[in-house]
Amino acid sequence: MRALIQRVKRASVSVSGEAVGRIENGILLLLGFVKEDTESDVERLLNKALHYRVFPDADQHMNLSLLDVGGALLIVSQFTLVADTKKGTRPSFSSAAYPYTARRLYESFVERAGEQCETASGVFGADMQVSLVNDGPVTFMLES
């Protein structure tokens, strides 16, 4: 499981021109699954994302987490994060989780996140348009 997290001032995701998720001050989390991922990976990566210290403290050091600052989380599924790009000029998605498995894990991730912080999400498998104002910019790749 891979998550690309971006600290944002605001972010939104739309499907067919209609906003389906929107946050202010928080993290945009793009999420991809591999075949080996399980519910324990969901728990581990969510815990890491919620506690990852990417927000500035009073001294402007990245010492505070999303939970520390009371920020929001926007979760968007993105299977291209798990592409193998080592060879050639065309990505391989052979390690990506099958859609029915990825959907189940994605929905679990979103549900568990919603129990811990303000959470919005995209629509699994949809063609989405994501808008954001990256804060910093601050961007990290997390893996389970």
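No lab work stands behind these numbers, since they all come straight from the coordinates. Keep in mind that this is a model prediction, so the values were computed, not measured. We place every Cβ from the backbone using ideal geometry, glycine too, and count neighbours over all the protein chains shown.
For the chain, set up a GNM with springs between Cα atoms under 10 Å and report which of Thr89, Thr101, Thr38 has the largest fluctuation.
Of the options given, Thr89 has the highest mean-square fluctuation.
What GluC sites (Glu not before Pro) in the range 1-96 are in a loop by DSSP, with at most 15 other Cβ atoms within 10 Å of the Cβ?
When the GluC sites (Glu not before Pro) of the range 1-96 are filtered for loop state and at most 15 Cβ neighbours within 10 Å, Glu36 remain.
Identify, among Leu28, Leu73, Gln116, the residue whose Cα sits farthest towards the positive end of the charge dipole of the range 1-128, taking +1 on the Cβ of Lys and Arg and -1 on the Cβ of Asp and Glu, with the dipole about the Cα centre.
Value computed over the given set: Leu28.
Using the Karplus equation 6.51 cos²θ - 1.76 cosθ + 1.60 (θ = phi - 60°), what ³J(HN,Hα) coupling, rounded to whole Hz, does each residue of the range 130-144 give in order, writing x for Gly and Pro?
Whole-Hz 3J(HN,Hα) from phi for the range 130-144: 10, 10, 7, 10, 6, 9, x, x, 10, 9, 9, 9, 10, 9, 7.
With both partners inside the chain, how many of the DSSP beta bridges are antiparallel, as a percent to the nearest 5?
Within the chain, antiparallel bridges account for around 75 percent of the total.
Which shape class applies to the range 1-83: rounded if a/c is under 1.5, otherwise prolate when a/b exceeds b/c and oblate if not, where a ≥ b ≥ c are the square roots of the Cα gyration tensor eigenvalues?
Cα axes put the range 1-83 in the oblate bin.
For the residue pair Val123 and Lys48, what label-to-label distance in nm results when each label sits 7 Å from Cα along the Cα-to-beta-carbon direction?
3.1
Of the trypsin sites (Lys or Arg not before Pro) in the range 37-144, which ones lie in a loop per DSSP and count no more than 16 other C-beta atoms within 10 Å?
In loop regions of the range 37-144 (DSSP not H, G, I, E or B), the sparsely surrounded trypsin sites (Lys or Arg not before Pro) are Arg53, Lys86, Lys87.
Note down the relative contact order for the chain as a percent, whole number, built from C-alpha pairs under 8 angstrom at least six residues apart.
Result for the chain is 39 percent.
If you add up the charges near Val42, with Lys and Arg at +1 and Asp and Glu at -1, over every other residue whose beta carbon is less than 15 angstrom from its beta carbon, what do you get?
-2
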